[in-house]
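What follows is a short report on a single structure.
The values are calculated or read from the model by the stated rules, or taken from the named source; none is laboratory data. Just so you know, these numbers come straight off a predicted model, no measurement behind them. A quick note on method: Cβ atoms are made from the backbone with ideal geometry, for glycine too, and the neighbour counts reach across all protein chains shown. Side chains included, ligands, DNA and RNA excluded: accessible areas come from the protein's heavy atoms. Shrake-Rupley method; radii C 1.70, N 1.55, O 1.52, S 1.80 Å.
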Amino acid sequence: MADERGSTKFQIDLRRHLRETGVERNLTRLICEISEASKYIINSIRTGDLGVAGTSNLYGEKQLALDVLADRILEKRMKHSGVVASVISEEQEQIIEFNPGHSDCYSVAYDPLDGSSLVDVNLAIGTIISICKGNALLGRGRDQVAAMYILYGPRTTLMYSTGNGVHEFAMNQLMEYTLVQENVTIDGNSDIYSPGGQRNQYSEGTERFVRTLEEQGCKLRYSGGFVPDINQILIKGRGIFMYPHLKNRPQGKLRMLYELNPMAYLVEQAGGAASDGKMRILDILPQEIDACSPVFIGSKKEVALAQEFLAAEGY
Ligand code: AHG
Ligand code: MN
Ligand code: MN
């Protein structure tokens, strides 16, 4: 439906694309509701209070006013959508139930504002969304029915998949999301790598893996924002991001339900891979809503190489 990236012959908007690709009615409605919520989040980023909210989330991280604002915007939209059974938010301690028994509803796990600490230095941040059927939020990531993110960068873009490829949209001057490209694909070998966490806390296996990437000529690309760092790999079609197990943080930092599962779903739909260094992220059964996991995600070849180094040199 779109010719080369960025110059769509027709301004195909998000709702039309969802309908024309046969996405179920309530799921179409849900994805469009989330895209609407992003417009209010953009506004709060542009004009909102950058101060600290004075509260903290379940990780004990100080909640910035924007985190709380973005969380409230999304929760309200989900509640009034009429198609959401329950939500889990990075900014809330418990699962919030709206319509638990409703059979043709969906459940949503979201990070309302990922990378919020980057706002005051004007770097790109995002909203990450995982969608499951019914109330299956604590299931394996492979049971998601959709995933998406909105990237608030120099341009505001939206990436979604409902299991039939990954499709990119950009927000136009009327704040409509119009199709930029369909079937985004990760098919190249990495020439960029994103090493999250403190390098001196890396295991021997991870350190050897990163050294090998550097010897192969890979260039370091790490913004500190999960959404722009993953978006770069999807748009370039190659690269590897890692937030590995650290000596002082064996489970890494990133959260399964609303960071790793949705991004792993999108990356796999684009032909890439996502592993915790041993197994597929989407096969892991999270034990609690705040479960974290180490992650190596991006080009299949480098994710497999990471697993080999960890197996040989010790996890
Ligand atoms: P959040 O702002 O939602 O807490 O997530 C931030 C995450 C993620 O965006 C990024 O990949 C990672 O934190 C960066 O962590 P370090 O600052 O430890 O590199
Ligand atoms: Mn986050
Ligand atoms: Mn966040």
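Listed values, structure above:
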read-out: Furthest towards positive pole of dipole, Thr55, Gly82, Gln92, structure part the stretch 48-93, Cβ charges; value: Gly82
read-out: In Å², nearest 10: area of Leu138 left accessible to a 1.4 Å probe; value: 70 Å²
read-out: Max mean-square fluctuation residue, GNM over the chain, Cα-Cα springs under 10 Å, options Lys301, Lys236, Lys247; value: Lys247
read-out: Separation of alpha-carbon centers, the stretch 243-298 and the stretch 53-67, rounded to whole Å; value: 23 Å
read-out: Counted charge near Ile192, where neighbours are those whose Cβ lies closer than 13 Å (Asp, Glu -1; Lys, Arg +1); value: 0
read-out: Structure-based [θ]222 nm, the chain - -39500 (n - 2.57) summed over DSSP H runs of at least 4, per residue, nearest 500; value: -9500 deg cm²/dmol
read-out: Rounded accessible area per residue of the chain, 1.4 Å, Å²; value: 42 Å²
read-out: P(r) tail fraction, the chain - alpha-carbon pairs more than 32 Å apart, %; value: 23 percent
read-out: The stretch 9-181 - percent of accessible surface contributed by carbon and sulfur, probe 1.4 Å; value: 48 percent
read-out: Fraction of accessible area attributable to carbon and sulfur, the stretch 192-313 (%, probe 1.4 Å); value: 46 percent
read-out: Longest site-free stretch - the chain; sites: GluC sites (Glu not before Pro), DSSP loop, at most 11 other Cβ within 10 Å; value: 94-287
read-out: Debye log10 I(q)/I(0) for the stretch 192-313, one point scatterer per Cα, at q = 0.12, 0.23 Å⁻¹; value: -0.36, -1.52
read-out: Radius 15 Å from Cβ of Leu18, net charge of other residues (Lys, Arg +1; Asp, Glu -1); value: -3
read-out: Computed lengthening from Lys219 to Ser117, 0.36 nm per intervening residue step minus Cα-Cα distance; value: 34.3 nm
read-out: Using a Förster distance of 35 Å, the FRET efficiency for His80-Asn183 (Cβ separation, nearest 0.05); value: 0.60
read-out: Distance (nanometres) between label positions extended 7 Å along Cα→Cβ at Asp104 and Glu61; value: 3.7 nm
